[in-house]
Amino acid sequence: MPKKMYGADVVVDSLRKHHVGLVFGIPGAKIDRLFESLEDGTANNPKLIVTRHEQNAIFMAQAYARLTGKTGVTIATSGPGVGNLTTGLMTASAEGDAVLAIGGQVQRKDLHRATHQSAPSTMIMSPITNYAAEIQDPENISEIMANAFEASQGPRHGGAFVSLPQDVDDAVVKQEPLPYYNGAQQGPAAQQALCHLATLISQAKLPVLLVGFRGADDRTAAALRNLMKHYHLPVVETYQAAGLVPRELEHVSYFGRVGLFRNQVGDRLLSASDLVVTVGYDPIEYEPRNWNKEGHLRIIDLDTTAAQIDNNFQPEMQLVGDLAESLDNLDKLLSGYQLPNDATKRLAKFRQELIQEDKIDKPSANGKTSHPLAVVEALQKQVNDDTIVTVDVGSHYIWMARHFRCYKPRHLLMSNGMQTLGVALPWAMVASLLHPERKILAVCGDGGFLYSGAELATAVAHHLNLVMVIWNDGGHYDMVRFQEELKYDKPAGIKFGEVNIVKYAKSFGATGLRVDQPADLSKVLKKAFATDGPVVVDVPVDYSHNKELAASLVDSALG
């Protein structure tokens, strides 16, 4: 007699067919059969990572998506379990990460009653996902799962949500699950349009590529690197596109990253350019009203999807299609092209400015805390090109985004679309699960650390090989503070109080270290990277220079 197949079994079958290796979540009564099916001993089931909070679980699914290119999956129970997924789904959709959240739900007969943990899940999730559906018939589970995976991997990768009522999870299913179908594929942009773009680049005095997160997948990055190698085109990265320029081409193509405040070398280069080609750029990364404030730039948009038009982003052409194929075709069309001599001379000056900005012009005022650039420099010495570095949100993230060098795409991870606090530790944990042979680095502020610090227990349980460096300014939300000080007489709501980070780390079974004086910074970090298992390093930091981050804005075109 054949074994009964329950709704939960069909869900797990879909996860297997979509080659999901890890699933993150927390169980509950409304969805417990799904957890039973995940851990039923089937050899090729995804590995379940039980977390301390659903928000951290969805962050971990987001990191899985960003690092593998597959859809990351999270499972949570009904009511508050599903509610805790919203921040992560919102972040995934905003930042182009393919994530599928499966949420428990009350039985179908209770959907419209004031029942324990009943909530209109799909109504909550619809505005912040590419796809949200509630399964009403057990025989439809397979097709809804297939469509959810497909939606997460669309032209704009993002979140998908499936609500699984308890009685559907428990139901016996007779319909055979669907086979795996390859997703929809794009071809390159129109050849005629690419020919015209090649002509425009050839005629431009100073063409510049502005690359966003949709240009940071492996295939597109490889095609972009060929363009850099063959033609030495200058590249400005958004924060989430960090690492596109390889080490061997840094001296000819890397001109920094842009985001937040319009005062970087990349901003000045964009303002001076007579042709900006955006590649996989999304306006949520760095609004056009910042980098094209005057609205004078000539822009060509190369992407997987149509652009969002606004007053400061009106591309002369939109070339929509598979980015890697489009760039490969453009590479062939540019054969024989060389940057103009005048452009090469101007770029050399911009490159010197970039080098100068990495230098510390003033030491720490009190001799007890480390200058942000000293911390960046010390961290840089502890990593190699294969090290995956995750960065939380806070003042430290601005310093890291501007000054920390990275030479492989998706090896410097940060939340820039939503600027979501608490992501660094969960993301680093996933990087460690995927690459146990490497030491993973997470960089966080003392405020963001407390958002997800409980997951240290999970990191210890799995003996994850990571170092978490906390930039500690004594219990303040400093990224808010210095911007309030620029706008108002005094800051408000920015003090949350100090925590003994070393004791906190040790209480979970992690190693806790502290830099007691700046001279010890390199020595303590070296010890941290040589220590097995999760390590937390408390680094008192001098944020007295933070207002300089928002100074000297580019206010006019640099023709």
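The values are calculated or read from the model by the stated rules, or taken from the named source; none is laboratory data. All of these numbers come straight from a predicted model, not from anything done at the bench. Counting neighbours? That spans all protein chains shown, and the Cβs are built from the backbone with ideal geometry, glycine included.
Can you find, within segment 180-195, the residue that is farthest from GLN105 (Cα to Cα) among those that are touching a Leu at 6+ places or on another chain (Cβ under 9 Å) and not in a loop (DSSP other than H, G, I, E, B)? Step by step, filter segment 180-195, then rank; the result is CYS195. The set of residues from segment 181-232 being aliphatic (A, V, I, L, M) and farther than 25 Å from ARG351 by Cβ comprises ALA184, ALA189, ALA190, ALA193, LEU194, LEU197, ALA198.
Restricting segment 156-172 to residues that are in contact with a Gly (Cβ under 6 Å, 6 or more places away or on another chain) and farther than 28 Å from ALA63 by Cα, the residue that is surrounded by the fewest Cβ atoms within 10 Å (Cβ to Cβ) is ALA171. In segment 59-85, of all residues being closer than 23 Å to VAL168 by Cα and assigned to a helix (DSSP H, G or I), the one that is farthest from the chain's Cα centre (by Cα) corresponds to PRO80.
When segment 216-242 is examined, which residues are found to be closer than 21 Å to GLU287 by Cα and either surrounded by fewer than 23 Cβ atoms within 10 Å (Cβ to Cβ) or in contact with a helix residue (DSSP H, G or I) (Cβ under 6 Å, 6 or more places away or on another chain) (or both)? So that I can check it myself, show each step before the final result.
At the first step, the residues of segment 216-242 found to be closer than 21 Å to GLU287 by Cα are 216, 234-242.
Answer for segment 216-242, where residues must be closer than 21 Å to GLU287 by Cα and either surrounded by fewer than 23 Cβ atoms within 10 Å (Cβ to Cβ) or in contact with a helix residue (DSSP H, G or I) (Cβ under 6 Å, 6 or more places away or on another chain) (or both): ALA216, PRO234, VAL235, VAL236, TYR239, GLN240, ALA241.
The helices (runs of 4 or more DSSP H) located wholly in segment 113-179 that include 1 or more residues which are more than 31 Å from the chain's Cα centre (by Cα) occupy 166-170. Can you name the residue in segment 366-418 that is surrounded by fewer than 21 Cβ atoms within 10 Å (Cβ to Cβ) and among the charged types (D, E, K, R) and is also farthest from the chain's Cα centre (by Cα) among such residues? Selected residue: LYS368. In segment 416-440, the qualifying residues are those that are outside any helix (DSSP H, G or I) and out of contact with any helix residue (DSSP H, G or I) (no Cβ under 6 Å at 6 or more places or on another chain), and the one that is farthest from LEU67 (Cα to Cα) is GLN419. Take the conditions (1) in contact with a strand residue (DSSP E or B) (Cβ under 7 Å, 6 or more places away or on another chain); (2) part of a helix (DSSP H, G or I); (3) of a type in the set (S, T, N, Q); THR390 misses just one of them, which is (2). Consider SER37 carefully, then state whether it is modelled with pLDDT under 95, surrounded by 18 or more Cβ atoms within 10 Å (Cβ to Cβ), assigned to a helix (DSSP H, G or I) and touching a helix residue (DSSP H, G or I) at 6+ places or on another chain (Cβ under 9 Å). Considered against the rule, which asks whether it is modelled with pLDDT under 95, surrounded by 18 or more Cβ atoms within 10 Å (Cβ to Cβ), assigned to a helix (DSSP H, G or I) and touching a helix residue (DSSP H, G or I) at 6+ places or on another chain (Cβ under 9 Å), SER37 comes out as yes. Selection of segment 326-352 for residues being more than 20 Å from VAL265 (Cβ to Cβ), in a helix (DSSP H, G or I) and in contact with a helix residue (DSSP H, G or I) (Cβ under 8 Å, 6 or more places away or on another chain) yields SER326, LEU327, ASP328, ASN329, LEU330, ASP331, LEU333. Within segment 95-112, the set of residues being part of a helix (DSSP H, G or I), out of contact with any Gly (no Cβ under 7 Å at 6 or more places or on another chain) and either in contact (Cβ under 8 Å) with a residue 60 or more places away in the chain or not assigned by TED's automatic domain parsing to the domain that holds LEU164 (or both) comprises ARG108 only. Taking the stated definitions as given, is GLY88 surrounded by 24 or more Cβ atoms within 10 Å (Cβ to Cβ) and farther than 27 Å from ARG219 by Cα? Spelling it out, it is not the case that GLY88 is surrounded by 24 or more Cβ atoms within 10 Å (Cβ to Cβ) and farther than 27 Å from ARG219 by Cα.
Scanning segment 516-547 for residues that are in contact with a strand residue (DSSP E or B) (Cβ under 9 Å, 6 or more places away or on another chain) and closer than 20 Å to GLY394 by Cα yields VAL536, VAL537, ASP538, VAL539, PRO540, VAL541, ASP542, TYR543. Of all the numbered requirements in (1) of a type in the set (A, V, I, L, M, F, W, C); (2) in contact (Cβ under 8 Å) with a residue 24 or more places away in the chain; (3) assigned by TED's automatic domain parsing to the domain that holds LYS109, ALA184 misses one, and that requirement is (3). For PRO534, the conditions (1) over 26 Å from the mean Cα position of the chain (by Cα); (2) within 29 Å of GLY25 (Cα to Cα) are fulfilled apart from (1).
The residue of segment 6-29 that is nearest to GLY104 (Cα to Cα), among those that are at pLDDT 95 or above and assigned to a strand (DSSP E or B), is GLY25. Being charged (D, E, K, R), crowded, with 18+ Cβ neighbours inside 10 Å and either out of contact with any Cys (no Cβ under 6 Å at 6 or more places or on another chain) or outside the structural domain of PRO207 (by TED's automatic domain parsing) (or both): is that true of ASP331 here? Judged against the criteria, ASP331 is a match.
Could you say which residue among ASP331, ASP322, ASP303 is in contact with a Leu (Cβ under 6 Å, 6 or more places away or on another chain) and modelled with pLDDT of 95 or more? Steps first, please.
Working: ASP322 fails: in contact with a Leu (Cβ under 6 Å, 6 or more places away or on another chain); ASP303 fails: in contact with a Leu (Cβ under 6 Å, 6 or more places away or on another chain).
Step by step, each of ASP331, ASP322, ASP303 is checked, and only ASP331 is in contact with a Leu (Cβ under 6 Å, 6 or more places away or on another chain) and modelled with pLDDT of 95 or more.
Within the bounds of segment 208-219, is there any residue that is over 27 Å from ILE388 (Cβ atoms), of a type outside the set (Asp, Glu) and outside the structural domain of HIS116 (by TED's automatic domain parsing)? It would help to see each step written out before you state the result.
Initially, segment 208-219 is screened for residues over 27 Å from ILE388 (Cβ atoms), giving 208.
Those left that are additionally of a type outside the set (Asp, Glu): 208.
Narrowing the set further to residues that are outside the structural domain of HIS116 (by TED's automatic domain parsing) leaves 208.
Among the residues of segment 208-219, at least one is over 27 Å from ILE388 (Cβ atoms), of a type outside the set (Asp, Glu) and outside the structural domain of HIS116 (by TED's automatic domain parsing), which makes the answer yes.
Determine, yes or no, whether GLU237 is without any contact (Cβ under 8 Å) to a residue 24 or more places away in the chain and farther than 19 Å from ARG289 by Cβ. It is false that GLU237 is without any contact (Cβ under 8 Å) to a residue 24 or more places away in the chain and farther than 19 Å from ARG289 by Cβ. Can you name the residue in segment 109-134 that is at pLDDT 95 or above and farther than 19 Å from PRO80 by Cα and, of all such residues, is surrounded by the fewest Cβ atoms within 10 Å (Cβ to Cβ)? Within segment 109-134, the match that is surrounded by the fewest Cβ atoms within 10 Å (Cβ to Cβ) is TYR131. The sole residue among VAL536, VAL480, VAL467 that is buried (at least 18 other Cβ atoms within 10 Å of the Cβ) and out of contact with any Lys or Arg (no Cβ under 7 Å at 6 or more places or on another chain) is VAL536. Going through (1) touching a Pro at 6+ places or on another chain (Cβ under 9 Å); (2) closer than 25 Å to TYR281 by Cα one by one, VAL172 falls short only on (2). Which members of segment 498-526 meet the condition of being surrounded by 17 or more Cβ atoms within 10 Å (Cβ to Cβ), among the hydroxyl-bearing types (Ser, Thr, Tyr) and in a helix (DSSP H, G or I)? TYR504 - this is the single residue of segment 498-526 that is surrounded by 17 or more Cβ atoms within 10 Å (Cβ to Cβ), among the hydroxyl-bearing types (Ser, Thr, Tyr) and in a helix (DSSP H, G or I).
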